[in-house]
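So the structure is just underneath, and the comments pick up after that.
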Amino acid sequence: PDDGAAAPAPRFVCRSPAGVTALAADDARALWVGTRTGLFRFNPRRPDAAPLRYTSATSDLPSDGVRALAVGELGLVWVATDAGIARFHAGTGVFTPRADLLGAAAVSPGALAWRDSLLYAGGTGGL
């Protein structure tokens, strides 16, 4: 019964030897967690379920070392890794490496943003 009390927030646990390097929430309210050992996707509708884990061995993610995340439109999640940038499309569940954007380690940790259909990346060479 609805007694007016707020439901408790889901609690996610992500244990990675190197800790969390990036966070983002997509339009479906999924929580994306970047680490030095891969990328995790938590489903808020099933907080007790194990997260999906993406690595360079199990997907087209360029590297396990995630530096930054940005959520775009149309179900896109942009992932900057130690070996370049990839785009994840929620509709297909596929990563597409984007070698045309930036090379390995070009994006500074946390320096990725999506705004008005443009992807911004900051690094040692500027924006």
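The values are calculated or read from the model by the stated rules, or taken from the named source; none is laboratory data. Note that the structure is a prediction, hence the values are computed from the model and not measured. Heads up, the Cβs are rebuilt from the backbone with ideal geometry, glycines too, and the neighbour counts pull from every protein chain shown. The accessibility values were calculated without ligands, DNA or RNA, using every heavy atom of the protein model including side chains. Shrake-Rupley method; radii C 1.70, N 1.55, O 1.52, S 1.80 Å.
Of all the accessible heavy-atom surface of region 13-104, with the other protein chains kept in place and a 1.4 Å probe, what percent is carbon and sulfur?
The C+S portion of the solvent-accessible surface of region 13-104 is 52 percent.
Per residue, how many Å² of accessible area does region 36-81 show with a 1.4 Å probe?
In whole numbers, region 36-81 has 47 Å² accessible per residue.
With label points built 7 Å along Cα→Cβ from the Cα atoms of LEU52 and ARG29, find their separation and express it in nm.
Result for the modelled spin labels: 1.8 nm.
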